[in-house]
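Input: a single structure, listed below in structure tokens.
The values are calculated or read from the model by the stated rules, or taken from the named source; none is laboratory data. Here the structure is a predicted model, which is why all the values come from computation and not from measurement. Positions of Cβ are generated from backbone atoms using ideal geometry, with glycine treated the same way; all protein chains shown enter the neighbour counts.
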Amino acid sequence: MPRTASMIVVLSLLVAASATASERSSPGDVPYRDWARVVSRTPIYETVRVVTPRRECWTERVAYERPHRDGGHGSYAPTLVGATIGGVIGHELGHKRRGRRIAAVVGALVGGSLGHEMHRHHRRHRGRTIAYRDEERCEIREEVEYEEHVVGYDVEYRFHGRTYRVRLDHDPGSRLEVAYDVRPWE
């Protein structure tokens with residue numbers, strides 16, 4: 001009986017081995033793995049356009065018109081001063097008593113008119129106050145750069161005395177894991 005049991009065990013192992021061998025030889029299965037030595041690896045580069053938005057700001061001096069001190073309304077002082085000066089001059093230049101009065105009135109009218117016009121001219125041309133202030137100005141500018149990116153590797157490796165080539169998306173290092181299958185030569 002012990003001999004029969006041994007035979008059963010051996011036969012069971014042979015059947016299991018043949019089933020495993022038939023499974024391994026089916027197409028698409030890769031039953032064996034090993035390591036191959038990498039002979040060379042060359043990176044494959046691709047030029048990539050990189051656009052980066054950058055905010056640039058600077059300080060700019062800006063002129064603006066400040067409102068007139070009197071709020072835009074005219075003052076009567078220049079007209080009154082002009083009339084007074086004109087009246088005094090007219091009075092001094094006039095002949096006789098009655099002529100002095102008329103000359104004073106005419107002088108006052110002309111002097112007042114001149115004073116008023118001078119004040120208008122001053123307000124129009126010099127009465128405006130131009131002031132300056134610093135304002136920050138900003139704009140977005142696109143900075144364009146070109147970068148080289150590694151997109152893969154052309155790899156040459158040796159396995160069992162033969163040289164093979166493959167393109168990979170990563171650097172394999174000095175060794176490359178390979179899968180192989182052993183089949184009868186047909």
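Remarks
- Test for Thr79: is it hydroxyl-bearing (Ser, Thr, Tyr), part of a helix (DSSP H, G or I), under 30 Å from Arg101 (Cβ atoms) and modelled with pLDDT of 60 or more: yes
- Test result for Tyr32, at pLDDT 85 or above and over 41 Å from the mean Cα position of the chain (by Cα): yes
- Of all residues in segment 168-183, those being over 38 Å from the mean Cα position of the chain (by Cα), at pLDDT 90 or above and among the charged types (D, E, K, R) number 2.
- Screening Gly72 against (1) in contact with a Lys or Arg (Cβ under 7 Å, 6 or more places away or on another chain); (2) at pLDDT below 70 leaves a single unmet condition, (1).
- Some residue of segment 157-164 being among the small types (Gly, Ala, Ser), modelled with pLDDT of 75 or more and assigned to a loop (DSSP other than H, G, I, E, B): yes
- Segment 163-186 residues that are surrounded by 10 or more Cβ atoms within 10 Å (Cβ to Cβ), paired with ones that are part of a loop (DSSP other than H, G, I, E, B) and of a type in the set (Val, Ile, Thr) (beta carbon under 6 Å, 6 or more apart): Ala179/Val30; Asp181/Val30
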